[in-house]
Amino acid sequence: MDQVNFSGITSSHWKKIEAREVAPGIFERSLWREEAGSWVSVFEFLPGARFPGVETHVDGAEQIFVISGVFNDGRDDHPEGSFIHNPIGSAHIPQSETGCTVLLKFQAA
């Protein structure tokens with residue numbers, strides 16, 4: 001291909017997107033969403049924040065990249081730089097004892 005094509009490309013800076021509280025102490029900044037149901041967001045967990053209940057992945061898989069802090073899935077601590085793949089059918093309890101920032105990609109099935 002000899003020519004660049006920027007059709008459909010989007011760009012954003014996560015710190016410039018308004019955060020909305022999705023659970024006590026957990027804030028989401030939505031980076032991208034598509035009609036088919038896939039999306040990408042940055043989540044910020046305040047110290048001690050815990051998702052209220054078990055999150056089960058019925059409609060698709062998710063991938064998490066820990067930008068900073070320590071993310072815990074209800075079983076393991078995942079420090080900064082960690083990548084976690086949660087396949088369809090898996091379940092976890094997102095939380096952070098110390099606080100963290102994660103990039104989450106949800107891929108609709």
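Here are the numbers for the structure shown:
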read-out	value
J(HN,Hα) series, region 53-58, from Karplus relation 6.51 cos²θ - 1.76 cosθ + 1.60, nearest Hz, glycine and proline x	x, 8, 9, 10, 9, 8
Percent of Cα-Cα distances greater than 16 Å, calculated over the chain	61
Amide H within-cut-off set for SER38, under 5 Å, with H built and near neighbours excluded	ALA108
ILE88 long-range amide H proximity, modeled H, under 5 Å	ALA61
Label zone at GLU18, where the point sits 7 Å out along the Cα-to-Cβ direction: region 38-66 residues whose backbone N lies under 20 Å	40-45
Inter-site label distance for PHE83 and ALA108 at 7 Å from Cα along Cβ, in nm	2.5
Mean-position separation - Cα centroids, region 1-36 and region 43-109, in angstrom	18
VAL22 long-range amide H proximity, modeled H, under 5 Å	PHE27, GLU28
In nm, spacing of pseudo-spin labels at ASP59 and ALA91 (7 Å Cα→C-beta vector)	1.8
Rel. contact order, % - alpha carbon contacts under 8 angstrom, at least six apart, the chain	29
Longest segment of the chain lacking GluC sites (Glu not before Pro) that sit in a DSSP loop with at most 14 other Cβ atoms within 10 Å	36-79
Dipole moment magnitude, nearest 20 debye, the chain about Cα centre, only Lys, Arg, Asp, Glu C-beta charged	200
Derived scalar couplings ³J(HN,Hα) [region 38-43; Karplus, 6.51 cos²θ - 1.76 cosθ + 1.60; whole Hz; x for Gly, Pro]	7, 7, 9, 9, 9, 10
Note, ³J(HN,Hα) from phi for region 19-36, Karplus 6.51, -1.76, 1.60, rounded to Hz, x at Gly and Pro	7, 10, 6, 9, 7, x, x, 10, 10, 10, 10, 6, 8, 6, 9, 10, 4, 6
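Each value in this text was obtained by applying a stated rule to the coordinates, not by laboratory testing. The shown structure was predicted, so the numbers you read here are calculated from the model rather than taken from an experiment. Neighbour counts run over all protein chains shown; Cβ positions are idealised from the backbone, glycine included.
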